[in-house]
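Chemist: Quick one: the structure is below, and I'll ask about it shortly.
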Amino acid sequence: MCCNRSPEVELSEAARLADVFVFRLLFRLYSLPTSPKRGSNESAELFYQKKRLLAAHAASKYPKKVMRDGKAVERTHYLMISALALDTRRGACPALEDGRCAIYERRPLACRAVPFHYARAETLAVADFDTFVTTAGYRCDVSKAAPVVLEGGSIVDRASLEARAEANSVAEADRPWKDAIVRRMKKSSFPGGDLPTLSDVESQAGFGALTTSMRIGWEIAAATGIMSGEQSHELLRKQLATIKAELAGAGRMGADAATLAEMAAEYRAALKV
């Protein structure tokens, strides 16, 4: 079982799960050279798998010259925008009840793809699987009775394959939403503004990712006609109720209660309640 933390999901998944998780809008940057590097241990097949997956899921991609060994080298940057569910329970996913997933039938794609991830190259599947099953606390069934998920280095697990295919469709459907967020980012002045700029994300790339309120993502969707104003308002109401529920269970809380209290105040202000 890998339900010891909250998932990262696609934007439309966050909308469907606003009654379960407390979300933050997540910005992460990946970078690849323009072509496979000579002398690298990474195969050309792996390089092009990575390139295709990043292009399929990126909110934006653009060329960028960076310094390597005193020389300017051109790379392609891929901006990823997703939703990160906060870890509001100590060592457990908020959707876990009595050791079982309470939302199994509507669990996110990241969960459906376990023990792999839909945005990871299949060439890495063997290494990813080995890492997964040896992670402390995951309690994976690796007995002879366990279902076969890999054959000859290829993923054969039906649920994982279906999740990978569906993730590409979801990413394509979410593209207009991500485009709208990127347009807003170009007008932002973070932290004074509501969204980080590309420069902000680039400066943070070596350390991790940046997050901001998911409220902004839903309001942008309403402002650009991706969802109605009423739909956006309903998501704000669901998210406020979820935050309140997590605050009520303070004894089991993993996230900072002060952070959740600030988020509750933000949502109440947005809803004018």
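Chemist: Residue 16 passes all but one of (1) touching a residue at least 24 places away in the same chain (Cβ under 8 Å); (2) under 28 Å from residue 200 (Cβ atoms); (3) of a type in the set (Lys, Arg); (4) touching a helix residue (DSSP H, G or I) at 6+ places or on another chain (Cβ under 9 Å); which number fails?
Modeler: (2)
Chemist: Output the qualifying pairs, or none if there are none: Cβ atoms under 8 angstrom, residues six or more apart or on different chains, first residue in the stretch 206-234 and closer than 11 Å to residue 180 by Cβ, second residue among the hydroxyl-bearing types (Ser, Thr, Tyr) and buried (at least 20 other Cβ atoms within 10 Å of the Cβ).
Modeler: The qualifying pairs are 219/232; 221/232; 222/232.
Chemist: Moving on to the next point. For residue 68, are the conditions met, namely being loosely packed, with under 13 Cβ neighbours inside 10 Å, in contact with a helix residue (DSSP H, G or I) (Cβ under 7 Å, 6 or more places away or on another chain) and basic (Lys, Arg)?
Modeler: In short, no.
Chemist: I've got another one for you. Which condition does residue 136 not pass, out of (1) surrounded by 12 or more Cβ atoms within 10 Å (Cβ to Cβ); (2) not in a helix (DSSP H, G or I), if it passes all the others?
Modeler: In the conditions (1) surrounded by 12 or more Cβ atoms within 10 Å (Cβ to Cβ); (2) not in a helix (DSSP H, G or I), residue 136 misses (1) alone.
Chemist: Sticking with this one: Which one is modelled with the highest pLDDT among residues in the stretch 55-72 that are among the basic types (Lys, Arg) and more than 19 Å from residue 121 (Cα to Cα)?
Modeler: Among residues in the stretch 55-72 that are among the basic types (Lys, Arg) and more than 19 Å from residue 121 (Cα to Cα), the one modelled with the highest pLDDT is 64.
Chemist: Residue 119 is checked against (1) in a loop (DSSP other than H, G, I, E, B); (2) surrounded by 15 or more Cβ atoms within 10 Å (Cβ to Cβ); (3) more than 17 Å from the chain's Cα centre (by Cα) and fails just one. What number does that condition carry?
Modeler: Answer for residue 119: the failing condition is (3).
Chemist: Filter the stretch 1-43 for residues that are among the acidic types (Asp, Glu) and surrounded by fewer than 17 Cβ atoms within 10 Å (Cβ to Cβ); which is farthest from residue 57 (Cα to Cα)?
Modeler: Residue satisfying both the conditions and the ranking: 19.
Chemist: Select from the stretch 19-60 the residues that are touching a helix residue (DSSP H, G or I) at 6+ places or on another chain (Cβ under 8 Å) and part of a helix (DSSP H, G or I) and write down the one among them that is nearest to residue 236 (Cα to Cα).
Modeler: Result: 57.
Chemist: Scan the stretch 79-113 for residues that are at pLDDT 90 or above, in a loop (DSSP other than H, G, I, E, B) and over 18 Å from residue 260 (Cα atoms) and jot them down.
Modeler: 102, 103, 107, 108, 113
Chemist: Do any helices (runs of 4 or more DSSP H) lying entirely in the stretch 142-239 carry at least 1 residues that are modelled with pLDDT of 95 or more, within 30 Å of residue 104 (Cα to Cα) and of a type in the set (Asp, Glu), and which ones are they?
Modeler: Where helices (runs of 4 or more DSSP H) fall fully within the stretch 142-239 and carry at least 1 residues being modelled with pLDDT of 95 or more, within 30 Å of residue 104 (Cα to Cα) and of a type in the set (Asp, Glu), they are 158-173.
Chemist: Still on this model: Consider residue 110 carefully, then state whether it is touching a His at 6+ places or on another chain (Cβ under 7 Å) and closer than 30 Å to residue 183 by Cα.
Modeler: Answer is yes for this residue.
The values are calculated or read from the model by the stated rules, or taken from the named source; none is laboratory data. Because the structure is predicted, anything quoted here is derived from the model rather than measured. Glycine gets a Cβ as well: all are built from the backbone with ideal geometry, and neighbour counts include every protein chain shown.
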